[in-house]
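The structure appears right after this line, and notes come after that.
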Amino acid sequence: MDPWRLLYLVPLAAFIAVAGYFTIGLQRDPRTLPSVLIDKPVPAFALPALVEGKPGLATADLAGEVMLVNVFASWCAPCKIEHPVLTRLAEAEKIPIHAINYKDKPEDARRWLAQLGDPYGRIGVDADGRASIEWGVYGVPETFIVDRQGRIRYRHVGPVMPRDVESTILPKIRELRR
Amino acid sequence: MRARLAALMVALPLAALAVEPGEELKDPVLEARARILSRDIRCLVCQNQSIDDSNAPLARDLRLIVRERLVAGDTDDGIIQYLVARYGDFVRLQPPMKPATYALWFGPAAILAIGVAGILIFFARRRRRIEVPAPLSAEERGRLDRILADQAGEERR
């Protein structure tokens, strides 16, 4: 057979390649952006406390053990949805969860925590959102997993749902704790 | 009511311009640089708008950061690098040229080149397949002339 005839298969091959890309690409959520801070040290930041008797949050606090950092606001509806999930995770796994309170009124945030419970170890008030920009946050809620060396190892965009805990967050925590 | 309407009338034409009056820098040169930079920085919330166009609070924060850094004497590249370090290349509306984006930059041209090459090969092969007949020999030409002359004579009759 004339080997040149194989050229007629090029359009078909190109179609299959493009269709393959679309099949995978169109199923991904374009709003979920990958973080460039993965495997990088926690950015430099220092935030004042929100609640009396509970310290604020700064770079130096995030090392020594595997921890979660949750960016939340009382005005954010999905934060309310993920709140019990995070609370349960903190209790069941004995994992410290720290919080960055993003562009919130402190009294609203305090009332919100009084109502829904406060699972956080430390809470830093990010009134102007600048510390969150250092973290590459582009919306609330976002949740980060920080390892013992104080490096960001995972970022979850949007509310943490029970299936996210099972499928990604818990396995990641266990892997980092080993 | 009338005052509120008047306020709305004043605010409406400004709505198309996301940069708020308080954000603008006093130095017109720096402000012009800020505007040009902002047009190339993606608003991460609205994604297909630049921070210059977007009314999202995060876009406003990023506009302020761009201006602060300009005032502090940072270069255009330095500002872009600052944002890329936090938000990745996605924050740039024009993807940078690097190995990971070669397919993006050269893919369309490469596909066009493959297509053009395919068409050229197709026609080159077709031309080769058409056999050019050998020219008539002297004997054949003589016969042909005779036939044509006979035909011409018949038609005249």
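Scanning segment A:115-141 for residues that are closer than 17 Å to A:Thr87 by Cα and in contact with a Pro (Cβ under 7 Å, 6 or more places away or on another chain) gives A:Gly121, A:Arg122, A:Pro141. Among what's in segment B:97-122 and is of a type outside the set (A, V, I, L, M) and more than 13 Å from every other protein chain (Cβ to nearest Cβ), pick the residue that is farthest from A:Pro11 (Cα to Cα). Among those residues, the one meeting the criterion is B:Lys98. Checking B:Leu136, B:Leu144 one by one, the residue that is over 30 Å from A:Trp4 (Cβ atoms), part of a loop (DSSP other than H, G, I, E, B) and not assigned by TED's automatic domain parsing to the domain that holds B:Arg39 is B:Leu136 and no other. Consider B:Leu70 carefully, then state whether it is more than 25 Å from the chain's Cα centre (by Cα), farther than 30 Å from A:Ile133 by Cβ and more than 13 Å from chain A (Cβ to nearest Cβ). Answer is no for this residue.
Could you check, for segment B:43-58, whether at least one of its residues is at the interface with another protein chain (Cβ under 9 Å from one of its Cβ atoms), assigned to a helix (DSSP H, G or I) and crowded, with 17+ Cβ neighbours inside 10 Å? Yes; the residues of segment B:43-58 include at least one that is at the interface with another protein chain (Cβ under 9 Å from one of its Cβ atoms), assigned to a helix (DSSP H, G or I) and crowded, with 17+ Cβ neighbours inside 10 Å. Note on segment B:113-144: residues that are among the acidic types (Asp, Glu) and surrounded by 10 or more Cβ atoms within 10 Å (Cβ to Cβ) total 1.
For segment B:89-133, the candidate set comprises residues that are over 20 Å from the mean Cα position of the chain (by Cα) and assigned to a loop (DSSP other than H, G, I, E, B); within that set, the residue that is farthest from A:Leu37 (Cα to Cα) is B:Pro133.
Screening B:Ala134, B:Ala56, B:Ala149, B:Ala124 for residues that are within 30 Å of A:Val137 (Cα to Cα) and out of contact with any Phe, Trp or Tyr (no Cβ under 6 Å at 6 or more places or on another chain) leaves exactly one candidate, B:Ala56.
Within segment A:87-112, the set of residues being assigned to a helix (DSSP H, G or I) and buried (at least 17 other Cβ atoms within 10 Å of the Cβ) comprises A:Leu89, A:Ala90, A:Glu93, A:Ala109, A:Arg110, A:Trp112. In this structure, A:Leu47 does satisfy being more than 12 Å from chain B (Cβ to nearest Cβ) and either surrounded by 13 or more Cβ atoms within 10 Å (Cβ to Cβ) or modelled with pLDDT of 90 or more (or both). In segment B:21-42, the qualifying residues are those that are closer than 20 Å to B:Gln94 by Cβ and in contact with a Lys or Arg (Cβ under 9 Å, 6 or more places away or on another chain), and the one that is nearest to the other protein chains (Cβ to nearest Cβ) is B:Arg42.
Search segment A:113-160 for residues being small (Gly, Ala, Ser) and outside any loop (DSSP other than H, G, I, E, B), and hand back the single one that is nearest to A:Ile97 (Cα to Cα). Filtering first and then ranking leaves A:Gly124.
Examine segment B:74-81 for a residue that is under 30 Å from B:Glu24 (Cα atoms) and either touching a Pro at 6+ places or on another chain (Cβ under 8 Å) or within 12 Å of chain A (Cβ to nearest Cβ) (or both), and state whether such a residue exists.
Yes, segment B:74-81 has at least one match.
Within segment B:71-90, residues that are assigned by TED's automatic domain parsing to the domain that holds B:Cys43 sit with their Cβ atoms under 6 Å from residues that are of a type outside the set (A, V, I, L, M, F, W, C), at 6+ positions apart or across chains, in these pairs: B:Ile79/B:Arg69; B:Arg86/A:Gly136; B:Tyr87/A:Gly136; B:Asp89/B:Pro96.
Within segment B:12-23, residues that are in the same structural domain as B:Asp61 (by TED's automatic domain parsing) reach partners that are modelled with pLDDT under 50 with beta carbons closer than 9 Å, at six or more positions or on different chains, in the pairs B:Glu20/B:Leu14; B:Pro21/B:Leu14.
Do you know which residues across segment A:1-37 are among the small types (Gly, Ala, Ser) and part of a helix (DSSP H, G or I)? Answer for segment A:1-37, where residues must be among the small types (Gly, Ala, Ser) and part of a helix (DSSP H, G or I): A:Ala13, A:Ala14, A:Ala17, A:Ala19, A:Gly20, A:Gly25.
Within segment A:113-128, the set of residues being within 14 Å of chain B (Cβ to nearest Cβ) and either surrounded by fewer than 21 Cβ atoms within 10 Å (Cβ to Cβ) or aromatic (Phe, Trp, Tyr) (or both) comprises A:Ala127, A:Asp128.
The values are calculated or read from the model by the stated rules, or taken from the named source; none is laboratory data. Here the structure is a predicted model, which means the values were calculated and not measured. Cβ coordinates were reconstructed from backbone atoms using ideal geometry, including for glycine residues, and neighbour counts include every protein chain displayed.
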